[in-house]
Amino acid sequence: MGKLAKDSFIYILFSIYSQERANRMGKEKKEIELVIFDLGKVILDFDHMITCSKLAEYSKKDGLYIYNFIFKSKMLNSYEKGKISAGELFSAVSDELELDMAFLKFKEIWSDIFSLNDGIEQVIRMVKMNAKIAILSNTDEMHFEIIRDKVEIIKDFDWLFLSHEIGHRKPEKEIFEYAIDKTGIAPEKIIFID
């Protein structure tokens, strides 16, 4: 089990243990009904520099320039909120970097950055035995398409709250309010692991 998965698992077990202990002692404690996981750096590890290095092979710009242009820009924020399409993102990036590639190659490079964190599948399955589970994440349509297709455990989640579908990103309160509204579960009965 990887360190991140282990730390998440320990936190969840501590919360469940504390809840059970409070119940045995006759103290009222709110039961955890929902555990919400982030995708990036919780379920999956990722490295945007992989994308930037590969794009640099098709551009006169270097990986650091590409990183700053894409991942430090308002354009990414708009894309992750679903305000611009994958085609519009590709067009803007392609124009700025003078890329010599088709959209499908860009999509492949854009999305080939993820790896499943060691042990997280076991953590998710253990949590699901005691509570509902959801994902709440800043992500985009190209990334999530590949994640949905390649990461089997995604199918086990009760809800998926994805920024590009909701139109809001963390830490905006609207994305959290949306999740609470859709699940119908009181905030004090929810744990969010980010």
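Observations on the structure shown:
- Anchor K83: aspartates and glutamates whose Cα lies under 20 Å away (excluding residues fewer than 8 positions away in-chain): D95, E96, D140, E141, E145, E165, E172, E174, E177
- Computed on protein heavy atoms with a 1.4 Å probe, the accessible areas place Y67, Y178 in the order Y178, Y67, largest first.
- At R0 = 35 Å, FRET efficiency that the Cβ-Cβ distance of E98 and E33 yields, to 0.05: 0.10
- Where D149, D140 fall by accessible area, highest first, once all protein chains stay in place (1.4 Å): D149, D140
- Rounded to the nearest 0.05, the FRET efficiency derived from the C-beta distance between S78 and D156 at R0 = 35 Å is 0.70.
The values are calculated or read from the model by the stated rules, or taken from the named source; none is laboratory data. Keep in mind the model is a prediction, meaning the values are calculated, not measured. Please note: Cβ atoms are built from the backbone with ideal geometry, for glycine as well, and neighbour counts cover all protein chains shown. Heavy atoms of the whole protein, side chains included, go into the accessibility calculation; ligands, DNA and RNA do not. Shrake-Rupley method; radii C 1.70, N 1.55, O 1.52, S 1.80 Å.
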